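The values are calculated or read from the model by the stated rules, or taken from the named source; none is laboratory data. What you are looking at is a predicted structure, and each value in this text was computed from that prediction instead of being measured. Because the Cβ atoms are built from the backbone with ideal geometry, glycine has one as well, and the counts that use them run over all protein chains shown. Quick note on the areas: whole protein, heavy atoms, side chains included, nothing else; ligands and nucleic acids left out. Shrake-Rupley method; radii C 1.70, N 1.55, O 1.52, S 1.80 Å.
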Amino acid sequence: LLALSNKAQAQFTFTTNNSTLTLTGYTGSDRAVTIPAITNGLSVVNIGSYAFNHNAALISLTIPASVTNYAGNAFYYCTNLTAVFFQGNAPRDYSPSGPSVFWGDNKATLYYLQGTTGWGARLGLLPTVQWDPQVLNQLIYTTNDNAIAITGYTGPGGAVVIPSAINGFPVTGVGSRAFLGSATLTSITLPNTTTNLGDLAFADCTALTS
């Protein structure tokens, strides 16, 4: 997931210190951005101040577990950033005593993996959600007008979290009968980007309690 092509890695700028890298900037225009864990044999450990300054194109971001240090204003005013997927532990958020890591990113939800640390219900002003990345392989969806609609589900059930963005597009709807008859589904978490639910979207989900 975090091994990028040479072209993709060329969109990042770094500085080197003690044989580790600090990401200092991003020059690309992709909606979905994955930060590399290793570049030129060195680990990406730090995200510098204003590294993603005012990046209005950015909708989803994946951060590897190698990153352990975040400067304040690292993702300053990425106003369309909807989903941040963390592979590692929570960053420290500097607000209110200093600049927040996600200053001005009011639309974002932060997703974290089971077993990582430092997470509460919120990080600064942003909501956090534990999720299983395998869910992406279990959702069927369509893309239309730069938005995602969930149309089906093939997973084992249990507690399912639908992310707020897939492939750099916001998840805005759950289609008719998308989860119809998912008898093992016990809970569903919908992102705040979702504004449309189709008829019978969760019909006959007999174990669904929340």
How many percent of the accessible area of the range 64-112 is carbon or sulfur, using a 1.4 Å probe? 46 percent
Whose amide H sits under 5 Å from the amide H of THR39, counting only residues 5 or more places off or on another chain, with H placed in the peptide plane? VAL44
Per the helix-only calculation at 222 nm, which mean residue ellipticity applies to the chain, given -39500 (n - 2.57) for every DSSP H run of n ≥ 4 and division by its residues, nearest 500 deg cm²/dmol? -500 deg cm²/dmol
Tell me the label-point distance for the pair GLN9, THR209, using the 7 Å Cα-to-Cβ offset, in nm and rounded to one decimal. 4.8 nm
Among DSSP beta bridges lying fully in the chain, give the percent that are antiparallel, nearest 5. 40 percent
Rounded to the nearest 5, the percent of antiparallel DSSP beta bridges in the range 153-210 equals 25 percent
Have a look at ALA57, ALA121, ALA37 and tell me which one the Gaussian network model of the chain (Cα, springs below 10 Å) gives the largest fluctuation. ALA121
Work the Kirkwood hydrodynamic radius out for the range 77-184: mean of 1/r over every pair of different alpha-carbon atoms, inverted, in Å. 15.2 Å
Go ahead and set up a Gaussian network model of the chain, Cα springs under 10 Å, then flag whichever of THR13, THR109, THR22 fluctuates most. THR13
Quickly work out the ARG122-to-ASN167 label distance, labels modelled 7 Å from Cα along the C-beta direction, and quote it in nm with one decimal. 3.4 nm
In order through the range 154-165: 3J(HN,Hα) via Karplus (6.51 cos²θ - 1.76 cosθ + 1.60), integer Hz, x for Gly, Pro: 10, x, x, x, x, 8, 10, 10, 8, x, 7, 8
Antiparallel as a % of all DSSP beta bridges within the range 18-129, to the nearest 5? 20 percent
In Å³ per residue, the alpha-carbon convex hull of the chain encloses 122 Å³
For the range 128-204, what is the accessible area per residue in Å² when the probe is 1.4 Å? 47 Å²
Remind me, relative contact order of the chain in percent, using alpha carbon pairs under 8 angstrom and six or more residues apart? 13 percent
For the range 99-108, 3J(HN,Hα) per residue [Karplus equation, 6.51 cos²θ - 1.76 cosθ + 1.60, θ = phi - 60°, Hz, x = Gly/Pro]: x, 6, 4, 10, 4, x, 9, 6, 8, 7
So, in Å, what gap is there between the alpha-carbon centers of the range 96-145 and the range 165-179? 16 Å
